[in-house]
Each structure stands twice: as C-alpha cells, then as structure tokens.
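The values are calculated or read from the model by the stated rules, or taken from the named source; none is laboratory data. If you're wondering where the values come from, they're calculated on a predicted model, not measured in any experiment. All Cβ positions, even for glycine, are placed from backbone atoms using ideal geometry, and neighbour counts span all protein chains on display. Ligands, DNA and RNA are excluded from the accessible area calculation, which covers all protein heavy atoms including side chains. Shrake-Rupley method; radii C 1.70, N 1.55, O 1.52, S 1.80 Å.
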Amino acid sequence: MRGWILFAAGFAFGTFLVQPSAAQNKDTGTKPDQVAANKPVVRLDSAFDALVSPDAELQKIKDGFGFTEGITWVQKKGNSGYVLFSDMWTNQIYKLTPEGQLSLYLDHSGYTGFDIFRVGMASPGQAPNERKWYQIGSNGLALDRQGRLLIATNTGASIDRIEKNGKRTILADRYDGNRLTGSNDVIVKKDGAIYFTAGAGDLRAVFMIKDGKVSAAVKDMPAVNGLAFSPDEKYLYVNASVRNYVRRYEMQPDDTPTNGQMFFDMQDNKDPGITDGMKVDTKGNVWETAPGPAIVVISPEGKHLGTIRLPEICANLSFGDTDSEALYIACRTTIYKLRVKTPGIRYSF
C-alpha cells in the first residue's frame with residue numbers, strides 16, 4: 001500500500017499514486033537517490049570517535065514516502081524488532097523491518113474526519129503550480145511503560161493510545177477548556193508520566209499527562225517541538241523548532257520541569273532544516289535533527305562533538321536494532337539507517 005492515499009468523503013472515491021515532487025527534492029538539497037560522495041560523518045571533537053565510526057555509511061532502508069515523522073523502534077522478544085513511523089501525507093503509520101519489509105500498521109493515524117480539504121498544513125517546498133499535499137497524518141510516536149503505542153495525532157488534535165486489543169483511547173484533547181492543536185512530539189518518563197508538545201488556545205507549551213490530568217509543564221518557550229530525557233531523567237531537553245535551539249530543564253520530584261537554560265544554540269544556521277526530533281544515548285549525548293540538513297551530536301555539557309550529514313531534511317530519529325546501536329532516521333521521503341558505537345536509551349516493558 002506504500003505510496004497510495006485513500007481520500008474519503010463519507011465513502012472511498014479513488015486512489016492516487018503519491019510520488020515525491022521535484023520541488024520537494026529541490027527543497028531538501030541532494031536528492032534521496034544521490035548519496036553524497038563525501039562521507040556523512042564529520043568529527044569536530046575526538047570524543048566523537050567513541051560514538052560513531054568515521055567510516056560509517058548511511059544505508060537507505062526504504063523510500064517513496066511523503067513526509068515521514070515520529071520514527072520509533074519496537075523491540076520484540078529475541079532478536080527481532082521493527083520501526084514504526086508516521087507518514088503525515090498519507091495519514092498512516094507504517095511498520096518497517098531492518099530488512100526493508102514494509103506494511104501498513106494503522107490507517108487514519110492522525111485526522112479521522114471526512115473533510116480532509118479543510119484541515120492540515122500544506123507541506124513545505126512545493127511549487128505554486130503543484131498539487132498540494134496536506135499534513136493530516138500523525139506526527140510523534142512513543143511507547144508507554146506497558147509497550148502500548150502513543151500517538152501525537154497532529155491535525156487530529158489529541159494524544160491517543162493504542163490498547164493491546166487494538167482499541168484507540170484518547171488520553172488528552174483539551175487543556176484549560178481549549179482544544180489541543182498541532183500535537184507534535186510525545187515521550188514517556190519511567191514512572192509513566194507522559195509529556196507532549198502542542199498548542200491550546202494562545203498557548204504553545206510542553207504538556208504533561210499524569211494521573212489522568214493534563215497540565216502545562218513548560219510555558220516559557222515560544223515554539224516547542226522535540227522532547228527527550230537524559231538517561232537518569234534529571235533533565236528534560238526541549239527544542240524550539242524553526243528557532244533552532246535547545247533548552248534544558250531540571251526535573252523535580254513531582255515530575256515538573258523547572259529552571260530552563262540554553263543548552264545548544266543554532267539560531268545563526270541558515271541551512272535547510274530545523275531542530276525537530278531528538279534522542280539521547282546511554283552516555284547522555286543528545287542526537288538532534290538540525291539545519292544542514294544534518295544530525296548534530298551534543299555532549300551533556302553542551303559541546304558540539306560531530307555531525308552526520310544527510311541527503312534530505314530530517315524530521316526525527318530513533319535508536320534501534322537489538323543492540324540499540326543503529327540510528328534509524330526519518331528524512332522527508334526516505335528512512336535511512338546508520339550503525340553507531342554507543343547504544344541509545346531503551347526502556348524495558
């Protein structure tokens with residue numbers, strides 16, 4: 001089913017083949033099938049050698065998507081596993097194995113209404129005379145402590161959970177009487193508290209779901225997007241989307257973040273891409289999508305250790321494989337993989 005979009009207006013009336021537009025490829029710089037001749041790994045500090053080999057190769061796992069997001073590794077018993085990721089164009093979540101086997105995991109993952117032409121944000125990088133594809137699908141994905149899938153539905157304006165029996169439960173869709181808008185990223189603390197980025201009325205914030213209640217946890221950033229915890233969960237990292245910086249907050253015993261400080265600033269970087277998804281490895285280094293397009297790796301002290309250059313704008317990433325020493329990268333139209341030396345954080349369910 002990859003590359004097909006089902007448009008519904010009460011009933012199905014056709015299918016259309018989705019192909020990445022020429023303008024989209026132009027927007028992302030190097031085309032997906034033109035792997036750069038230069039090596040993708042750029043070392044800025046000797047400490048980077050312990051994290052990723054200078055000869056590491058960027059492997060294309062699958063391409064032909066519209067706008068991928070929310071990539072998350074799911075470890076199964078034994079040596080098997082797969083990634084789940086959103087395609088914001090097709091309004092679907094896909095399942096992809098390391099061998100490149102693709103299947104549909106969830107249809108209508110974001111917006112579940114019938115009039116799709118009145119919702120969603122037009123995808124960037126399209127020419128004025130091109131057919132517009134709107135981002136009506138889900139965005140960020142995460143697993144809770146029971147291994148259930150959490151979905152930031154984006155245009156669906158909620159945080160949803162897929163139960164073990166397949167039932168879909170809405171965990172949050174309002175704050176302070178206002179409907180959520182643009183739910184973006186979602187992460188889970190070890191004690192079960194859920195954090196997500198979204199809007200509500202005039203507020204754009206990091207929200208927390210705890211004991212069934214929704215509260216605003218971070219309100220002092222004008223544009224919040226990606227989220228990640230340090231390995232010991234003493235710190236919460238929050239990035240600022242198009243403003244291209246990351247702040248770090250201290251976590252309190254009651255699960256509230258406080259004392260936000262600038263952690264890493266890329267506001268002067270005018271290359272394509274933004275700070276979007278990020279993950280943390282077991283040593284506390286932050287792997288952050290960035291302008292370039294690229295992934296930048298930042299030490300716990302805020303030092304830029306190195307960069308992984310990418311052929312497309314990257315929206316999100318996830319550590320995966322059984323040893324958690326592979327970086328799965330959700331670029332605009334393609335899922336890539338790069339083996340690393342240091343495992344990412346993985347929770348046991």
- Item | Criterion violated by VAL214 - all others in (1) more than 22 Å from LYS279 (Cβ to Cβ); (2) within 21 Å of the chain's Cα centre (by Cα); (3) among the β-branched types (Val, Ile, Thr); (4) modelled with pLDDT of 95 or more satisfied | (2)
- Would you pick out the residues in the stretch 62-88 that are outside any strand (DSSP E or B) and either closer than 13 Å to ALA152 by Cα or open to solvent by less than 10 Å² (accessible area, probe 1.4 Å) (or both)? PHE65, GLY66, MET88
- Output the number of the condition that VAL41 fails; it satisfies all remaining conditions of (1) of a type in the set (Val, Ile, Thr); (2) over 22 Å from the mean Cα position of the chain (by Cα); (3) at pLDDT 65 or above. (2)
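So that you can scan it fast, the table gives a plain yes or no per residue for (1) of a type outside the set (D, E, K, R); (2) farther than 20 Å from VAL238 by Cα; (3) surrounded by fewer than 20 Cβ atoms within 10 Å (Cβ to Cβ):
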residue: ALA142; (1), (2), (3): yes, no, no
residue: GLY147; (1), (2), (3): yes, yes, yes
residue: LEU150; (1), (2), (3): yes, no, no
residue: SER158; (1), (2), (3): yes, no, no
residue: LYS167; (1), (2), (3): no, yes, yes
residue: ASP176; (1), (2), (3): no, yes, yes
residue: LEU180; (1), (2), (3): yes, no, no
residue: ASN184; (1), (2), (3): yes, no, no
- Message: Condition first: under 16 Å from the mean Cα position of the chain (by Cα), more than 17 Å from ASP49 (Cα to Cα) and buried (at least 23 other Cβ atoms within 10 Å of the Cβ). Can you find one or more residues in the stretch 337-345 that meet it?
- Response: no
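Residues checked against (1) at negative phi; (2) surrounded by fewer than 19 Cβ atoms within 10 Å (Cβ to Cβ):
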site: ILE194; (1), (2): yes, no
site: ALA200; (1), (2): yes, no
site: VAL214; (1), (2): yes, no
site: LYS219; (1), (2): yes, yes
site: GLU233; (1), (2): no, yes
site: VAL246; (1), (2): yes, no
site: ASP254; (1), (2): yes, yes
site: ASN259; (1), (2): no, yes
- Message: Six or more apart or on different chains, Cβ atoms under 6 Å: show the pairs whose first residue is in the stretch 47-69 and without any contact (Cβ under 8 Å) to a residue 24 or more places away in the chain and whose second is in a strand (DSSP E or B) and of a type in the set (Val, Ile, Thr).
- Response: PRO54/VAL41
- Item | strands (runs of 3 or more DSSP E) contained entirely in the stretch 268-328, each with at least 1 residues that are touching a residue at least 60 places away in the same chain (Cβ under 8 Å) and surrounded by fewer than 19 Cβ atoms within 10 Å (Cβ to Cβ) | 304-309
